[in-house]
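Written below as structure tokens is the structure these notes are about.
The values are calculated or read from the model by the stated rules, or taken from the named source; none is laboratory data. Keep in mind that what you see is a predicted model, and the values were worked out from it rather than measured. Cβ coordinates were reconstructed from backbone atoms using ideal geometry, including for glycine residues, and neighbour counts include every protein chain displayed.
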Amino acid sequence: MRTILRKVFLVDLLQGMWVTFRTQHPKNIVTEQYPFERPKIAERYRGAPRLNVNPENGQTLCISCDLCALACPEALIVVGWERNPETKRKDLITFTFDTSRCMFCGLCEDACPVDALELTQDFELASYSREGAIFDRQILEEGIQPKKYVF
Amino acid sequence: MPDDPKPEGTPSPESAPSPEAAQAPVTPPVAAPVAAAKPPAAAAAKPPAPAAPKAPAVMASTAWESDLAEALSAEFGGDAPECLTYLGQPFLVAKPESIVPLIQHLQDAHDFDYLVDITAVHWPERAEPFDVIYVLYSFSRNERIRIKIRIAEGFKPLTATMVHPSADWLEREVYDMFGIEFDEHPNMRRILLPDEWETFPLRKENSILKMDQRWVQENLGIESGQ
Amino acid sequence: MAETFLDSTELVLNMGPQHPSTHGVLRVIVKLDGEKVLGTECVIGYLHRGVEKIAENRTYTMFAPYVDRIDYIAAVSNGLGYCLAVEKLLNVEAPARAQAIRVILTELNRIGSHLLWLGTHALDIGAITPLFYCMREREYTLDIFEKYCGARLTTHAFRIGGLQYETYEGFEKECLAFCDLFLPKVDEYEELLTGNRIWRKRLIDVGILNEADCKAFGVTGPMLRAAGCKWDIRKALPYCGYEKYDFEIPTRENGDTYDRYMVRMQEMRQSARIIRQAVEGLPAGPITAKVPKVIKPPVGEAYVSIEAPKGELGYYIVSDGTTQPYRCRVRPPSFVNLQALDKMARGSLVADLVAIIGTIDIVLGEVDR
Ligand code: SF4
Ligand code: SF4
């Protein structure tokens with residue numbers, strides 16, 4: 001008898017609808033309005049790569065040890081360096097990082113002995129061409145500058 | 001599908017996935033001490049499919065002493081599989097012809113009623129180049145064992161589908177990847193790769209970059225998948 | 001089929017690979033007599049990436065990020081299975097703290113995976129609302145992953161021998177807060193679905209797979225438990241210290257689609273229970289065992305499996321003593337479970353086929369690898 005009454009008065013459906021209804025209250029809205037509202041990115045986030053420079057003199061921290069390139073499963077980092085005859089140290093000449101193949105696993109970052117290479121919180125990595133996804137030393141040092149659109 | 005993880009070649013020097021190429025740029029001599037200092041990296045830079053060092057070093061397995069091993073030797077007499085264990089995981093080495101009767105017997109008499117997996121390993125230097133491995137589990141005994149058979153090129157082991165229907169796709173996958181055909185299998189076709197594909201990718205002679213050039217050109221209309 | 005005055009012939013229909021309810025790129029060739037399914041055949045491999053071949057060409061450490069991409073919904077479980085297998089080969093065990101954190105993260109991942117399953121499954125059946133709610137709760141688990149290891153889906157959270165990252169500040173609090181928040185939400189989903197007459201009509205007695213068939217087809221995970229077999233690797237062959245936690249294995253008897261739904265709902269509650277216990281008893285101590293920098297397991301082989309959200313996920317690794325695996329086989333639960341589709345779908349209606357595909361909880365990345 002009770003089940004029939006429940007059936008007739010659509011109790012099961014109304015119950016579900018009530019759940020839907022009470023979630024519509026504005027304080028329950030959790031959607032992020034992305035371009036207007038920037039998401040909070042965790043500190044450890046592995047996003048766009050950056051090659052750190054010494055803030056005092058603008059010199060790169062990278063010691064051209066090539067460890068990151070060898071740690072990378074995709075072998076997408078190329079470190080170009082030259083031996084400086086005066087200081088007997090290696091000078092970094094080029095550094096390319098192909099983000100189109102990168103899986104942001106963080107192994108390169110872990111391998112770097114001087115924390116020169118870092119995966120940062122920037123996540124807007126889209127580019128118009130495949131070539132645009134290959135970062136050279138300049139982009140890596142200055143960081144990506146996504147075009148800002150005004151809505 | 002390309003054997004290679006990268007979708008298409010990027011027009012840069014590093015598009016070649018081999019790390020040797022990646023070191024090419026402005027690197028003048030001096031590379032030797034650097035490489036020597038970093039064993040992990042040096043090892044990583046090895047070309048694909050490293051040859052097994054020397055004669056295949058052997059696995060330090062020991063004889064497996066258990067009720068099951070004894071029971072099997074009593075039941076099969078001279079044909080009994082060799083019972084070994086490594087890292088606490090027992091495995092049997094059986095004769096290729098007796099594999100299905102053995103699986104059947106393990107199911108009937110010892111309750112190994114769940115076929116977990118079938119896979120293979122290719123050892124090109126060996127006279128019998130393939131290991132086919134069956135993993136079995138018994139719910140009532142809560143025990144897992146592996147059975148291994150060594151087969152020669154061209155040998156067709158009998159299919160296990162009549163004992164465990166789950167062997168169907170697993171055997172097809174072994175065929176797809178290694179080219180080991182299973183006798184009397186109801187549907188011995190490729191499963192993951194396209195039917196017309198020609199190579200067997202998990203054989204050691206096929207490097208990671210190897211693909212069926214003809215198939216790619218005919219079906220995808222591109223010169224190469226890399 | 002009963003005779004009709006209409007001329008009826010069999011129809012072969014191609015479903016997928018781009019059908020929204022095939023959850024990826026599964027192609028099912030269905031043979032139909034009217035609305036009735038006479039047989040199905042799956043065509044898979046569209047997402048084949050040769051993961052096992054990649055493994056043979058990478059070092060043990062380097063391969064770890066790739067396993068996340070096998071089942072990208074439950075990347076943490078995949079990572080755990082791989083790390084455990086390599087640890088077995090090396091014969092080391094992760095320290096207690098690392099194990100507890102691994103348990104917390106994999107259980108969070110199980111909840112996330114089941115939530116995504118629930119949302120999409122309900123969407124297939126025709127209920128849109130649960131999808132939004134499930135995504136909302138799943139977001140909290142992803143946030144915890146992001147804060148813990150820096151990525152949301154393909155986490156690469158564990159390393160061979162332990163963990164790379166210590167927990168962040170507030171990790172425990174957030175996990176507990178999630179458990180508190182999550183349990184009432186499960187009730188909410190149940191309120192939406194469990195008693196709903198459409199939901200019940202669409203699921204009860206659809207796609208029955210009994211216990212014997214499950215075992216014959218090697219079906220594991222929630223599908224096996226829904227058929228009444230109380231088997232869970234976490235209890236049967238415990239790893240990562242699961243024997244320390246007090247939880248139940250939910251089972252049902254009928255093995256139909258509705259039972260699988262109920263089992264997964266219960267499992268989410270149990271996972272929350274495990275998380276709470278693990279967080280409360282989180283031991284202090286190191287997070288990595290002593291493993292050499294260059295991972296070079298001795299010659300040998302090992303098969304290690306874990307209870308992934310979808311069933312038994314096994315890794316069979318053969319080492320030849322070098323830094324690269326000689327062979328790395330992934331035993332994917334989805335691949336094996338999908339094999340039972342034909343058995344379940346025969347004799348049902350086309351609309352039920354969608355429900356049955358949904359209930360297997362497949363991820364095509366894992367089916368095809
Ligand atoms: S994040 Fe991973 S894939 Fe990307 S460059 Fe670093 S090591 Fe390579
Ligand atoms: S590991 Fe660090 S220091 Fe070495 S080459 Fe890479 S970025 Fe430079």
*Spot the failing condition for A:ASP136; the list is (1) more than 14 Å from chain B (Cβ to nearest Cβ); (2) within 16 Å of ligand 1 (Cβ to nearest atom); (3) surrounded by fewer than 16 Cβ atoms within 10 Å (Cβ to Cβ), and only one is missed.*
(1)
*When you scan the range C:313-325, how many residues do you find that are more than 17 Å from C:ASP68 (Cβ to Cβ) and either surrounded by fewer than 23 Cβ atoms within 10 Å (Cβ to Cβ) or facing another protein chain (nearest Cβ under 7 Å) (or both)?*
7
*Contacts under 6 angstrom Cβ, first residue in the range A:99-110 being within 9 Å of another protein chain (Cβ to nearest Cβ), partner more than 14 Å from ligand 2 (Cβ to nearest atom) and aliphatic (A, V, I, L, M), 6 or more apart*: A:SER100/A:ALA133
*Which pairs do you get when a residue that is on the phi > 0 side of the Ramachandran plot, found in the range C:319-347, comes within reach of a residue that is of a type in the set (Ser, Thr, Tyr), reach meaning Cβ atoms under 7 angstrom, with the pair 6+ apart or on two chains?*
none
*Have a look at A:PRO35, A:PRO113, A:PRO55 and point out the one that is part of a loop (DSSP other than H, G, I, E, B) and either at positive phi or within 12 Å of chain B (Cβ to nearest Cβ) (or both).*
A:PRO113
*Restricting attention to the range B:57-84, and to residues there that are surrounded by fewer than 17 Cβ atoms within 10 Å (Cβ to Cβ) and closer than 22 Å to B:ARG126 by Cα, which single residue is farthest from the chain's Cα centre (by Cα)?*
B:THR62
*Residue check: is A:ALA69 within 14 Å of chain B (Cβ to nearest Cβ) and modelled with pLDDT of 80 or more?*
yes
*A:CYS62: among the hydrophobic types (A, V, I, L, M, F, W, C), within 11 Å of ligand 1 (Cβ to nearest atom) and modelled with pLDDT of 80 or more, yes or no?*
no
*Report the residue count in the range C:121-137 for those that are in a loop (DSSP other than H, G, I, E, B) and surrounded by fewer than 18 Cβ atoms within 10 Å (Cβ to Cβ).*
2
*Any chance you could count how many residues in the range A:76-88 are within 7 Å of another protein chain (Cβ to nearest Cβ), more than 13 Å from ligand 2 (Cβ to nearest atom) and assigned to a loop (DSSP other than H, G, I, E, B)?*
0
*Members of the range A:95-114 that are more than 10 Å from ligand 1 (Cβ to nearest atom) and in contact with a helix residue (DSSP H, G or I) (Cβ under 6 Å, 6 or more places away or on another chain)*: A:PHE95, A:SER100
_What pairs come out if I take residues in the range C:238-250 that are within 17 Å of C:GLU267 (Cβ to Cβ) and pair them with residues that are modelled with pLDDT of 85 or more and of a type in the set (Gly, Ala, Ser) whose C-beta lies under 7 Å away, six or more apart or interchain?_
C:TYR245/C:ALA278
*Working carefully through the options B:ASP176, B:ASP183, find the one that is in the same structural domain as B:THR119 (by TED's automatic domain parsing) and over 13 Å from the mean Cα position of the chain (by Cα).*
B:ASP183
*asked:* Out of everything in the range A:52-101 that is out of contact with any Ser or Thr (no Cβ under 7 Å at 6 or more places or on another chain) and aromatic (Phe, Trp, Tyr), what residue ends up being nearest to C:GLN324 (Cα to Cα)?
replied: A:PHE97
*Which of the residues spanning the range B:123-134 are crowded, with 23+ Cβ neighbours inside 10 Å and facing another protein chain (nearest Cβ under 8 Å)?*
none
*Unmet criterion (only one of (1) touching a residue at least 24 places away in the same chain (Cβ under 8 Å); (2) within 14 Å of ligand 2 (Cβ to nearest atom); (3) not acidic (Asp, Glu)) for A:PHE36*: (2)
_So for the range A:127-139 (the condition being assigned to a strand (DSSP E or B) and among the charged types (D, E, K, R)), does at least one residue qualify?_
no
